[in-house]
1. Name the single residue, out of those in region A:222-280 being among the polar types (S, T, N, Q) and either within 12 Å of another protein chain (Cβ to nearest Cβ) or outside any loop (DSSP other than H, G, I, E, B) (or both), that is surrounded by the most Cβ atoms within 10 Å (Cβ to Cβ).
2. Within the set of pairs 6 or more residues apart or between chains, which connect a residue that is closer than 17 Å to B:Gln159 by Cα and assigned to a helix (DSSP H, G or I) inside region B:178-191 to a residue that is open to solvent by 50 Å² or more (accessible area, probe 1.4 Å) and among the acidic types (Asp, Glu) with Cβ atoms less than 7 Å apart?
3. Of (1) closer than 28 Å to A:Phe125 by Cα; (2) open to solvent by 10 Å² or more (accessible area, probe 1.4 Å); (3) hydrophobic (A, V, I, L, M, F, W, C); (4) facing chain B (nearest Cβ under 10 Å), A:Met1 satisfies all except one. Which?
4. Keeping to region B:63-103, report how many residues are open to solvent by 10 Å² or more (accessible area, probe 1.4 Å), hydrophobic (A, V, I, L, M, F, W, C) and in contact with a helix residue (DSSP H, G or I) (Cβ under 6 Å, 6 or more places away or on another chain).
5. Quick check on my filter: what residues within region A:47-60 are open to solvent by 10 Å² or more (accessible area, probe 1.4 Å) and either of a type in the set (A, V, I, L, M, F, W, C) or within 7 Å of chain B (Cβ to nearest Cβ) (or both)?
6. Test B:Ala32 against the stated conditions and say whether it is facing another protein chain (nearest Cβ under 8 Å), out of contact with any Cys (no Cβ under 9 Å at 6 or more places or on another chain) and among the hydrophobic types (A, V, I, L, M, F, W, C).
7. Enumerate the pairs (first residue in region B:62-89 and more than 7 Å from every other protein chain (Cβ to nearest Cβ); second residue anywhere and of a type outside the set (Lys, Arg) and part of a loop (DSSP other than H, G, I, E, B)) with beta-carbon separation below 6 Å, excluding pairs fewer than 6 apart on the same chain, so at least 6 apart or on different chains.
8. Looking for something touching an Asp or Glu at 6+ places or on another chain (Cβ under 8 Å), over 15 Å from A:Glu148 (Cβ atoms), acidic (Asp, Glu) and open to solvent by 50 Å² or more (accessible area, probe 1.4 Å) - is there at least one such residue anywhere in region A:299-307?
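The values are calculated or read from the model by the stated rules, or taken from the named source; none is laboratory data. These figures come from a predicted structure and were not determined experimentally. For neighbour counting, all protein chains shown are included, and Cβ atoms are generated from backbone atoms with ideal geometry for every residue, glycine included. Ligands, DNA and RNA are stripped out before the accessible areas are found, and what is left, the full protein with its side chains, is counted by its heavy atoms. Shrake-Rupley method; radii C 1.70, N 1.55, O 1.52, S 1.80 Å.
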Amino acid sequence: MQKVAVLGAGMTRFVRRSLETGRELCWEAASAALEDAGLTLEDIDCVVLTSAPDAFDGVHMKTEYLLDGAGAKGKPMVRPYVGGGSGVMAANAGWYHVASGRFRTCLVVAEERMSPTQPHPQGAFNAIYDQFTERPLGVNLLWIFSLEMMRYMQVYDIPLETIAKVAVKNKRNALGHPASQLGAELTVEEVLKSEVMAYPVMRLMVSPVTDGAVALVLANEKFARRKGRKHVWVEGVGWALDTSYWTNRDLCYPEYVEKAALAAYKMAGITNPREEIHVAEPYDPFAYKELHHLEGLQLADKGQAPRLLEQGFWDRDTTTGIPASPSGGLLGVGNPIAAAALMKVAEIYWQLSGKAGERQVRRNVKRGLAQAWGDLMQVGTVIILGV
Amino acid sequence: MKEKVAIVGAGFTSLRPVSPEASFRELIFEAAVRAYEDAGLTPQDVDSFVSIGEDYQDGTCIMDEYTPDQLGAVQRPVHTISGDGVAGLGVAWMLIQTGQFRVVVLEGHSKASNVRHPAHVEAMALDPSFARVHGWHPSFVAGLEMRRYLHETGTTEEQVARVAVKNKYNALKNPIAAYPARLSAEQVLGSRPVAEPLRELEMAPTADGAFVFVLAAGSELERCQGRPVFVDSVAWISDTCNLPTRDWSRAVYTEKAAAQAYQLARIREPQSAFSFAEIDDTFAYKELQHLEALGLAERGAAGRRVEEGFFDADGPLPVNVSGGALGCGHLFEANPLRGLLEAVLQLRGQAGPRQVPRARRGLICSWRSVPTATGGVAVLSRRK
């Protein structure tokens with residue numbers, strides 16, 4: 001197996017309505033990543049290009065349409081697709097393109113434009129449900145999340161105020177992010193007083209509708225060493241998909257995230273993640289999901305992530321805990337679905353290479369993890385980077 | 001890339017214009033059970049699962065959600081590739097080459113009968129600002145391409161019609177084919193024009209079906225009972241589908257993919273390298289265009305060779321002995337998996353009445369249909 005290095009990362013601003021087309025967003029992110037890596041398109045052997053549902057842009061075979069912008073014309077291009085987990089899965093796919101020995105370098109691009117969906121992307125989400133048993137109920141994502149959040153709060157006796165603190169933390173972290181859409185200094189009261197979407201989910205606990213793109217450059221060890229700098233390496237990858245019958249599962253704990261994380265820890269040789277992972281970017285499309293995922297990732301015992309939150313364990317400036325979502329996450333930076341998850345991988349790369357600027361965590365970090373989640377509360381994707 | 005990769009199990013359903021008695025998940029289940037039985041393995045022996053498909057063709061937003069249960073892959077590493085069967089094969093091959101996964105399953109399916117108007121779906125793949133707004137039937141892209149191909153190569157419309165005659169005739173010997181027929185070139189040329197010079201009988205009609213393959217690393221073959229067929233190389237290339245800047249007469253993606261696939265499989269003279277080839281024929285002229293891009297015929301000579309019977313089932317190089325998409329049905333992204341199945345059966349000597357004698361190495365070539373310029377090439381062989 002070839003060792004795989006992250007040579008560069010780039011992203012566009014995350015905005016509610018981009019004036020750029022999807023192709024242009026891809027170009028902007030890919031160009032920034034190539035520039036960061038000091039490479040040109042001629043150095044790139046293959047492209048992994050992803051985007052979440054075609055229904056957002058209303059373009060069938062969306063990556064075929066986008067590929068010119070992502071520099072994939074005339075190159076091998078693959079689109080890994082696991083719904084919201086696609087962004088981290090794209091990085092994992094980039095890893096297997098290079099680790100297999102088939103390609104020296106890989107440009108990984110994730111793009112999402114949710115703004116073309118009118119009147120609101122939640123309409124497209126109705127079509128993710130079973131066409132016979134669930135779609136006729138008119139369900140959307142907010143409903144399913146309110147069920148899961150309620151279950152999580154009930155089983156582990158978690159107060160709503162604690163969950164609101166995730167939104168406060170992440171939106172504050174995002175203030176230091178130049179690409180952020182929703183960086184803000186808020187209080188718990190403000191979050192709790194925001195509009196009820198589907199109780200107990202409030203508007204400020206939900207990530208926004210966003211357009212944007214992110215890109216990474218990966219290379220094998222020989223290629224990376226020739227570039228002769230200190231590198232960030234991919235140490236482990238994992239992914240797992242649970243049953244489509246989400247109604248048959250206990251929603252209080254994400255087993256699929258546990259399976260994905262354990263696979264990634266095994267590959268990275270990690271036996272005690274709470275000691276060996278120094279910074280984490282768990283997926284936070286909804287405030288409670290960050291806590292839920294931190295438990296699935298084995299970084300906290302079941303039901304304990306909220307208690308650790310109260311103690312400041314997940315804060316960006318912690319010296320004894322594990323900073324979680326130092327970027328500001330989906331709640332703060334924004335949530336262009338596939339691109340948001342790849343932004344989390346890019347953030348770990350920036351943190352480990354000391355390029356995170358204002359967002360740089362205070363503790364010394366040698367290894368970090370990014371995780372995404374998607375489909376019908378069903379897929380976990382995990383990548384571990386280290387220096 | 002030291003590890004050899006082999007297909008050790010193949011499962012499939014028959015291909016039919018409609019399948020009202022089964023959902024797409026039930027079709028996949030049928031194929032999966034047969035594939036595991038063929039390989040002598042259970043889903044617990046599998047390290048990773050790859051499915052292929054596109055949302056709009058399945059009528060589900062995020063179709064990846066509905067992939068794990070019927071493969072026995074719940075809470076296992078499953079991911080979808082929104083690409084064709086050759087790209088999926090490439091991903092399975094790469095996963096094994098990383099050394100982290102020893103046995104990988106590849107699944108692809110079509111439930112085209114659920115789609116009332118496939119052309120409406122295809123039209124959604126056109127550039128929303130510059131191409132779709134005209135409201136044309138998406139086959140105009142194929143019509144324009146065919147016109148340019150005929151113009152530049154001197155190929156005749158009758159030669160294109162003969163591809164349809166050959167493939168539908170070949171399908172008479174394939175028990176899973178949906179559209180076998182004994183036709184004359186006159187009948188094909190007399191069928192309804194769709195986007196001139198393209199005619200209805202030169203377009204593959206859609207069909208339903210599912211395929212599941214079990215792939216294993218060379219070092220794992222002892223625990224698999226299925227007779228292995230080796231994947232010597234896989235390559236896939238995307239060219240632009242932007243109408244104003246694309247190439248209208250050559251399959252540039254196939255030329256580039258073939259160059260990579262031949263290099264990896266150490267093939268110097270493709271014309272004499274293969275016992276048979278399964279080549280994308282979603283539209284009849286595409287088979288000729290792809291044959292030339294693969295170097296299996298000189299530029300402009302493929303049509304004449306079809307007329308001479310060179311690519312007939314009993315000719316020097318049988319092309320689409322399965323019946324191709326024209327004879328078996330258009331299965332969207334799963335089209336190349338029908339070719340892959342044929343390659344497995346031929347190389348194992350299990351192709352029955354359409355068995356190519358002494359088959360030792362085969363080629364499959366895919367295209368993702370209009371409006372794309374994306375396709376792949378794979379080389380398969382039996383144990384040398």
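1. Per the stated criteria, the residue is A:Ser244.
2. Within 7 Å, the pairs are B:Ala185/B:Glu158; B:Leu189/B:Glu157; B:Leu189/B:Glu158.
3. Looking at each condition in turn, A:Met1 falls short on (1).
4. Total meeting the criteria: 1.
5. Within region A:47-60, A:Ala55, A:Gly58 meet the criteria.
6. Against the criterion (facing another protein chain (nearest Cβ under 8 Å), out of contact with any Cys (no Cβ under 9 Å at 6 or more places or on another chain) and among the hydrophobic types (A, V, I, L, M, F, W, C)), B:Ala32 does not qualify.
7. B:Met63/B:Gly53; B:Asp84/B:Ser366; B:Val86/B:Ser366
8. yes
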